[in-house]
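In what follows, a single structure is set out as structure tokens and then discussed.
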Amino acid sequence: MMIRCENLVKIYQQTGIDVLALQGLDLSVEKGGMIGIVGESGSGKSTLMNILGGLDRPTTGKTIVDGLDLLSLSNYQQDLFRRTKVGFLWQQTTRNLIPWLTALENIIFPMVRAQDKQNRAEKLIDLVGLKNHARHLPSELSSGEQQRVALAMTLANNPPLLLADEPTGELDADNPRAIYALLKEINCEFGTTIIIVSHDPEISRHVQRVVEIRDGKTSTEIIENRTDHGGVSKDAFLMLDSAGRVQIHRHALESLSIGNRVRFDITENQIILEPVEEHRRTKPVAKNEEWDAFIIEETQEKPIHKTSFLKRIFKKRKDD
Ligand SMILES: Nc1ncnc2c1ncn2[C@@H]1O[C@H](COP(=O)(O)OP(=O)(O)OP(=O)(O)O)[C@@H](O)[C@H]1O
Ligand SMILES: [Mg+2]
């Protein structure tokens, strides 16, 4: 397992007010996996990425990355971890590159091993298709090209983990696709575990697993399955935490007007939740357009393998 987070809690203290950014988040990611993380603004995605990348520490909880318990590292070990175990790709192209170094020098800059730097950097710049731009400064590159150089830079020390926080957020037109394709290539070629945070519904086309974070907890997961006949199906799951808690998506609650109680019935192989008349929700729940678009797109374009509770709800909403 590349990543194991258990019950992560992160509280930011801001002039006397505590902000609960992560509220007992659990997440496991296999070695060599490539997953997408989606969620509303403020749900805790970047907070999680910063913790996984050793840039920040959780208030409580466990984070194991590539066999290392991040909370037990000394400052020196944490620094070494950041430089050798993880590559970071940020949304802001300007944050990724050093403006006064050429593309090639940017890739060489973070390298920790003394030998062969030039050679390795040339291979990496070739990998991202920018061999002819090696001597260009970032300001002489398009934003898509800058992001490709940044991607090569994250691979400088061949890290087992690559964290990309909205890497295509500032790119337009066809550039996101080129970045996703490169990430896929890196994942396949080097076995790098890759986590991509995205607001882009497109993300689900490029990864095999998408996890939604809601209010600081992992809540829903969509897994792509390839059938023997070359078809693709998607399964949606609610994620249970170690205490057995699940979060029911607000669209589901809204479409059935569920308030703060549900009746439940346990049959041989199902748990059925039903609205309770005297606990009906009266106010509509705030909408999450992005997740809505994401799910609807899935149900329109891909055959549904198993009609899960969630998907039936979304489909019903679409048909209404
Ligand atoms: N350094 C900080 N100090 C105080 N509060 C913070 C800090 N960083 C994040 N937060 C708060 O923690 C919560 C989670 O923030 P986070 O940046 O992880 O969200 P996000 O899911 O990445 O959002 P976005 O999609 O907008 O990037 C938010 O309420 C945010 O305001
Ligand atoms: Mg963020």
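Every read-out reported here was derived from the displayed coordinates using simple, explicitly stated rules and does not represent laboratory data. Just so it is clear, the structure is predicted and the values come from calculations on it, not from any experiment. Backbone-built Cβ (ideal geometry, glycine too); neighbour counts: all protein chains shown.
If we count every other residue with Cβ under 9 angstrom of residue 91's Cβ, Lys/Arg +1 and Asp/Glu -1, where does the sum land? Each step should come with its number before you reach the end.
Values: positive: 95; negative: 165, 166, 170.
My count for the surroundings of residue 91 gives -2.
Determine the shape class of the range 76-196: with a ≥ b ≥ c the square roots of the Cα gyration tensor eigenvalues, call it rounded for a/c under 1.5, and otherwise prolate if a/b is greater than b/c, oblate otherwise. Kindly include the intermediate steps, with their values, before the conclusion.
Numbers: a/c = 1.44, a/b = 1.13, b/c = 1.27.
Taking the square roots of the gyration eigenvalues as a ≥ b ≥ c, the range 76-196 is rounded.
Compared with the alpha-carbon gap, the fully stretched path from residue 256 to residue 282 is longer by 8.3 nm at 0.36 nm per residue.
The angle separating the long axis of helix 75-84 from the principal Cα axis of greatest extent in the chain is about 80 degrees. Computed FRET efficiency, Cβ-Cβ of residue 1 and residue 271, R0 35 Å: what is it to the nearest 0.05? The formula returns an efficiency of 0.80 here.
Of 117/217; 62/117; 85/123; 10/117; 85/234; 10/123, which pairs sit farther than 29 Å apart, going by alpha carbon to alpha carbon? Walk me through the numbers before you get to the answer.
Details: 117/217 41 Å; 62/117 35 Å; 85/123 20 Å; 10/117 38 Å; 85/234 31 Å; 10/123 39 Å.
Violating the 29 Å Cα-Cα cut-off are 117/217; 62/117; 10/117; 85/234; 10/123.
Compute the angle between helix 175-190 and the longest alpha-carbon principal axis of the chain, please, reported from 0 to 90 degrees and rounded to the nearest 10. Computed tilt is about 80 degrees. Toward the positive end of the charge dipole of the chain, with +1 on the Cβ of Lys and Arg and -1 on the Cβ of Asp and Glu, the farthest Cα among 20, 201, 231 is that of 20. In this rough spin-label picture, where each label sits 7 Å from Cα along the Cβ direction, the residue 74-residue 243 distance is 3.6 nm. Evaluated with a Cβ-only charge set (Lys, Arg +1; Asp, Glu -1), the range 248-287 carries a dipole of roughly 360 debye about its Cα centre, given to the nearest 20.
How much net charge surrounds residue 112 when only other residues with a Cβ under 13 Å from its Cβ are counted (Lys, Arg +1; Asp, Glu -1)? Taking every Cβ under 13 Å from that of residue 112, the sum is +4.
Based only on other Cβ atoms within 10 Å, what is the fewest-to-most ordering of 180, 12, 76?
On the way: 180 23, 12 13, 76 8.
Ranking 180, 12, 76 by Cβ neighbours within 10 Å, fewest first, gives 76, 12, 180.
Taken over the range 159-282, the convex hull of the Cα atoms encloses 192 Å³ per residue. Taking other C-beta atoms within 10 angstrom as a stand-in for reagent exposure, 90, 100 fall in the order 100, 90, fewest first. Each of 180, 151, 112 was placed along the dipole of the range 109-187 (beta-carbon charges, centred on the mean Cα), and the one lying farthest toward the positive end is 112.
Between residue 118 and residue 188, the modelled labels are 3.3 nm apart [label points 7 Å from Cα along Cα→Cβ]. For the range 107-158 versus the range 184-229, the spacing of their alpha-carbon centroids is 25 Å.
Calculated mean residue ellipticity, 222 nm, the chain: -9000 deg cm²/dmol, from DSSP H runs (n ≥ 4) at -39500 (n - 2.57) each, averaged per residue and rounded to 500.
Filter the trypsin sites (Lys or Arg not before Pro) in the range 109-217 to those in DSSP coil with at most 14 other Cβ atoms within 10 Å of their Cβ, and list the result.
Hits after loop and neighbour filter: 113, 135.
Of 145, 30, 268, the sequence from fewest to most neighbouring Cβ atoms within 10 angstrom is 268, 30, 145.
So what is the diffusion coefficient of the range 248-287 in µm² per second by Stokes-Einstein at 25 °C and 0.890 mPa s, using a Kirkwood Rh over Cα pairs?
Details: Rh = 10.7 Å.
Diffusion coefficient, whole number: 228 µm²/s.
For the chain, find the longest principal axis of its Cα atoms and tell me its angle to the long axis of helix 289-301, 0 to 90°, nearest 10. With rounding to tens, the tilt is 90 degrees.
Quick check on the chain: take the gyration tensor over C-alpha atoms, sort the square-rooted eigenvalues as a ≥ b ≥ c, and tell me if it's rounded (a/c under 1.5), prolate or oblate. In terms of gyration-tensor shape, prolate. Within the listed set 271, 223, 51, the residue fluctuating most in the Gaussian network model of the chain (springs between alpha-carbon atoms under 10 angstrom) is 271.
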